[in-house]
1. Does the stretch 136-153 include one or more residues that are of a type in the set (D, E, K, R) and at pLDDT below 90?
2. Just to be sure, is VAL128 buried (at least 18 other Cβ atoms within 10 Å of the Cβ) and under 17 Å from ARG148 (Cβ atoms)?
3. Just to be sure, is ASP103 assigned to a helix (DSSP H, G or I), outside the structural domain of GLU26 (by TED's automatic domain parsing) and of a type in the set (Asp, Glu)?
4. Limited to the stretch 209-227, what total is found for residues that are outside any strand (DSSP E or B), under 15 Å from ALA38 (Cα atoms) and either touching a residue at least 12 places away in the same chain (Cβ under 8 Å) or outside the structural domain of ARG181 (by TED's automatic domain parsing) (or both)?
5. What tally of residues in the stretch 81-119 results from selecting those that are within 20 Å of the chain's Cα centre (by Cα), surrounded by 15 or more Cβ atoms within 10 Å (Cβ to Cβ) and among the aliphatic types (A, V, I, L, M)?
6. Checking GLY180 against (1) surrounded by fewer than 17 Cβ atoms within 10 Å (Cβ to Cβ); (2) more than 20 Å from the chain's Cα centre (by Cα); (3) touching a residue at least 60 places away in the same chain (Cβ under 8 Å), which single condition isn't satisfied?
7. Within the stretch 120-138, restricting attention to residues that are charged (D, E, K, R) and more than 18 Å from the chain's Cα centre (by Cα), which residue is nearest to GLN82 (Cα to Cα)?
Amino acid sequence: MIQVHNLVKSFGPTTALRGVNLSVPEGQFVTLVGPNGAGKTTLLRILATLSRPTQGTVKIGGHDLSQGAAEARRKIGLVSHQTLLYGDLSAEENLRFYGRMYDVADLDARITQVLEMVGLAHRRRDPVRTFSRGMQQRLAIARAVLHRPSLMLLDEPYTGLDQDAAARLEAVMSSVGTEGRTVVMTTHDLERGLAVADRVVILVKGRVAFEAQRSALDGPAFIAAYRQYTQ
């Protein structure tokens, strides 16, 4: 689903990504971690077609982003720590707006389906500005999966959530991952990141410093590896 080869991204004199190579097979959940400034969000923005690489190649679902970004974009659902929802619109109205952009078939039925999936069907007609931070993040996930993307990109989705809201969001993301989608998530929460992942990748100073299957790691081993590569 994702093929990244020798990816470099510079912002003037600052180089954020330094020859990143990454391959993610279809259906895998990858958690991407690293210290502030490691390049995690920069990498996700490039995968989401929101930023262009300085050098290297990126393919999403076989589409080279330098030539087929529009085709790749229809395969992608993006959730950021900024929900980018319209506060004065209801949950249903937010989803209808995005659904029309993507020409989602049977839109009313699909809206009902995704609201039930994230536990917000009972709030479908309420303005989003009345939602808690956790509820807004769940609605953002509903919006991201509305058009049935094969790739989900999640950038620090736990930011600003209390423990209960984070646990509810984790359950939603686990259900999203079990629907056969490929998922790449950045997070500073090492324990939660490991809990939902099939594979973990540590990014340090714009390079992949470590990667392993979750089955080969327990929590303490992962935290020890993180400290080793980030200190």
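The values are calculated or read from the model by the stated rules, or taken from the named source; none is laboratory data. It should be emphasised that the depicted structure is a prediction, and the values quoted were computed from it without experimental measurement. Here the Cβ positions follow ideal geometry from the backbone for every residue, glycine too, while neighbour counts run over all protein chains shown.
1. Step one: list which residues in the stretch 136-153 are of a type in the set (D, E, K, R), which gives 138, 143, 148.
This time we only want the ones that are at pLDDT below 90, so: none.
No: zero hits.
2. Working: buried (at least 18 other Cβ atoms within 10 Å of the Cβ): yes; under 17 Å from ARG148 (Cβ atoms): no.
So VAL128 does not fit the description; no.
3. Values: assigned to a helix (DSSP H, G or I): no; outside the structural domain of GLU26 (by TED's automatic domain parsing): yes; of a type in the set (Asp, Glu): yes.
The answer is no for ASP103.
4. Total satisfying the criteria: 1.
5. Summing the residues that are within 20 Å of the chain's Cα centre (by Cα), surrounded by 15 or more Cβ atoms within 10 Å (Cβ to Cβ) and among the aliphatic types (A, V, I, L, M) in the stretch 81-119 gives 6.
6. That leaves (2) as the condition not met.
7. To start, the set of residues in the stretch 120-138 that are charged (D, E, K, R) comprises 123-126, 129, 133, 138.
Retained after the next criterion (residues that are more than 18 Å from the chain's Cα centre (by Cα)): 123-126, 129.
On the way: ARG123: 20, ARG124: 20, ARG125: 22, ASP126: 20, ARG129: 14 Å.
Of everything passing the filter in the stretch 120-138, ARG129 is nearest to GLN82 (Cα to Cα).
Yes or no, residue by residue, for (1) basic (Lys, Arg); (2) surrounded by 19 or more Cβ atoms within 10 Å (Cβ to Cβ):
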residue: ASN36; (1), (2): no, no
residue: LYS40; (1), (2): yes, yes
residue: LEU44; (1), (2): no, yes
residue: VAL58; (1), (2): no, yes
residue: ALA70; (1), (2): no, no
residue: VAL79; (1), (2): no, yes
